[in-house]
Ligand code: HEC
Ligand code: HEC
């Protein structure tokens, strides 16, 4: 471990001790927090500020996790449904370091923080009570959905109805967002235009290793890359890497172009139904 990482660890530990002492004082701590939350931080769209003020100490600047909290960008956290995410923040988890924030934060503030967590996870912001339109009975759409989740391997990187990966954009509403031509273009020639926010970066480390992935976050100290399989979010401290480069190429492979015409039609039918 570098001295810097250690230093960060030490700072966190001591901040946590302060926090713990406050928690033991119970009521006092809650009073302090509600006094803070009633101030300048209240309001819609303030999720990031609120997160940085209350959650980052345990969950990390980018949700990568810290000694006293868990990552909010890993698979279990991604699996939480919108309402579950709201509930964990509201009610906490009994017997763990995760306190209930109800009372310290308003419902809107909790909603904003939850939306910001989705943002850290690379997913769309929360929409509550938004039911999907129900399953289709068109056989092409059904076959296309099976391909999407099966052999065409699209679900590793893309989600719809809150299921699937986050390396590529969520495909909910795709049918109304992209016309036929634009959809074909996105599938046949992914690098021709890259969806904003889904660009790739390459990090060259001091030992010469090069890592490629979806660029997630940038701060003064570090850059964060999500691995191509979507499973790992890795934070690289800038002082410890040789170079960080933008890539012109899409992370999306040319799987679609290599499918048979009938498979392509099924997938297109499914994608247009989203
Ligand atoms: C004192 C440290 C601490 C603070 C501060 C804290 N958490 Fe947590 N949080 C935890 C721990 C520990 C867990 C894991 C609980 C468990 O074991 O299930 C957790 C769990 C969670 C989970 C569930 C993750 C999952 O994968 O199930 C969410 C969501 C979460 N916290 C959000 C927040 C938000 C939002 C805030 C700020 C309002 C916050 N936390 C503040 C310690 C903390
Ligand atoms: C390794 C990850 C990965 C896989 C696998 C993958 N994609 Fe993608 N996809 C991406 C990324 C990243 C983008 C955004 C960058 C871009 O525009 O090319 C994207 C973009 C798209 C878009 C454009 C979305 C928009 O909002 O404009 C569509 C449509 C799409 N992918 C469909 C698919 C389908 C269908 C499959 C399976 C045949 C698939 N993708 C497989 C990563 C992937």
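Out of all the residues in the stretch 118-126, is one or more at negative phi, modelled with pLDDT of 85 or more and within 16 Å of ligand 2 (Cβ to nearest atom)? Quick ask: steps written out before the conclusion?
Filtering the stretch 118-126 for residues at negative phi gives 118-121, 123-126.
If we keep only those that are modelled with pLDDT of 85 or more as well, we get 118-121.
Checking which are within 16 Å of ligand 2 (Cβ to nearest atom) leaves us with 121.
Yes: the stretch 118-126 contains one or more residues that are at negative phi, modelled with pLDDT of 85 or more and within 16 Å of ligand 2 (Cβ to nearest atom).
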Q: Being farther than 22 Å from residue 66 by Cα and surrounded by fewer than 17 Cβ atoms within 10 Å (Cβ to Cβ) is the filter; apply it to the stretch 79-105 and report the residue that is nearest to ligand 2 (Cβ to nearest atom).
A: 81
Q: Could you tell me which numbered condition residue 189 fails, if it satisfies all but one of (1) within 23 Å of residue 83 (Cα to Cα); (2) surrounded by fewer than 20 Cβ atoms within 10 Å (Cβ to Cβ)?
A: (1)
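Could you please let me know if residue 218 is near ligand 2 (Cβ under 10 Å from one of its atoms), within 24 Å of residue 117 (Cα to Cα) and modelled with pLDDT under 90?
Numbers: near ligand 2 (Cβ under 10 Å from one of its atoms): no; within 24 Å of residue 117 (Cα to Cα): yes; modelled with pLDDT under 90: yes.
In short, no.
Taking residue 265 as the residue in question, decide whether it is in a helix (DSSP H, G or I) and under 24 Å from residue 59 (Cα atoms).
Numbers: in a helix (DSSP H, G or I): yes; under 24 Å from residue 59 (Cα atoms): no.
The answer is no for residue 265.
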**Q.** Single condition residue 262 does not satisfy, out of (1) within 15 Å of the chain's Cα centre (by Cα); (2) free of Cβ contacts under 8 Å to residues at least 12 places away in the same chain; (3) closer than 28 Å to residue 175 by Cα
**A.** (1)
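Would you be able to say whether some residue in the stretch 232-245 is within 16 Å of ligand 1 (Cβ to nearest atom), in contact (Cβ under 8 Å) with a residue 12 or more places away in the chain and within 19 Å of residue 164 (Cα to Cα)? Spell out the reasoning first.
Our first condition is that a residue be within 16 Å of ligand 1 (Cβ to nearest atom); within the stretch 232-245, this holds for 232-233.
Filter again for in contact (Cβ under 8 Å) with a residue 12 or more places away in the chain, leaving 233.
Narrowing the set further to residues that are within 19 Å of residue 164 (Cα to Cα) leaves 233.
Yes, there is a match, as at least one residue in the stretch 232-245 is within 16 Å of ligand 1 (Cβ to nearest atom), in contact (Cβ under 8 Å) with a residue 12 or more places away in the chain and within 19 Å of residue 164 (Cα to Cα).
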Q) Among the helices (runs of 4 or more DSSP H) confined wholly to the stretch 85-194, which include 2 or more residues that are within 11 Å of ligand 1 (Cβ to nearest atom)? A) 107-120
Q: Would you mind telling me which numbered condition in (1) free of Cβ contacts under 8 Å to residues at least 24 places away in the same chain; (2) out of contact with any helix residue (DSSP H, G or I) (no Cβ under 9 Å at 6 or more places or on another chain); (3) farther than 18 Å from residue 118 by Cα residue 196 fails?
A: (3)
Q.
Could you tell me how many of the residues in the stretch 228-245 are out of contact with any helix residue (DSSP H, G or I) (no Cβ under 9 Å at 6 or more places or on another chain), part of a strand (DSSP E or B) and either loosely packed, with under 15 Cβ neighbours inside 10 Å or on the phi > 0 side of the Ramachandran plot (or both)?
A. 3
Q: Considering only residues that are in contact (Cβ under 8 Å) with a residue 40 or more places away in the chain and in a helix (DSSP H, G or I), look in the stretch 246-259 and name the one that is nearest to ligand 2 (Cβ to nearest atom).
A: 256
**Q.** In the stretch 145-168, the residues that are crowded, with 20+ Cβ neighbours inside 10 Å, within 6 Å of ligand 2 (Cβ to nearest atom) and either assigned by TED's automatic domain parsing to the domain that holds residue 76 or closer than 20 Å to residue 215 by Cβ (or both)
**A.** 157, 158, 167, 168
Q | Among (1) in contact with a strand residue (DSSP E or B) (Cβ under 8 Å, 6 or more places away or on another chain); (2) without any contact (Cβ under 8 Å) to a residue 12 or more places away in the chain - the single one residue 221 does not satisfy | A | (2)
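In the set 50, 12, which member is at pLDDT below 90 and assigned to a helix (DSSP H, G or I)?
Working: 50 fails: at pLDDT below 90.
Exactly one residue qualifies, and that residue is 12.
The values are calculated or read from the model by the stated rules, or taken from the named source; none is laboratory data. Everything numeric in this text was worked out from a predicted model, so none of it was measured. Cβ sites come from the backbone with ideal geometry, for glycine too, and all protein chains shown count toward neighbours.
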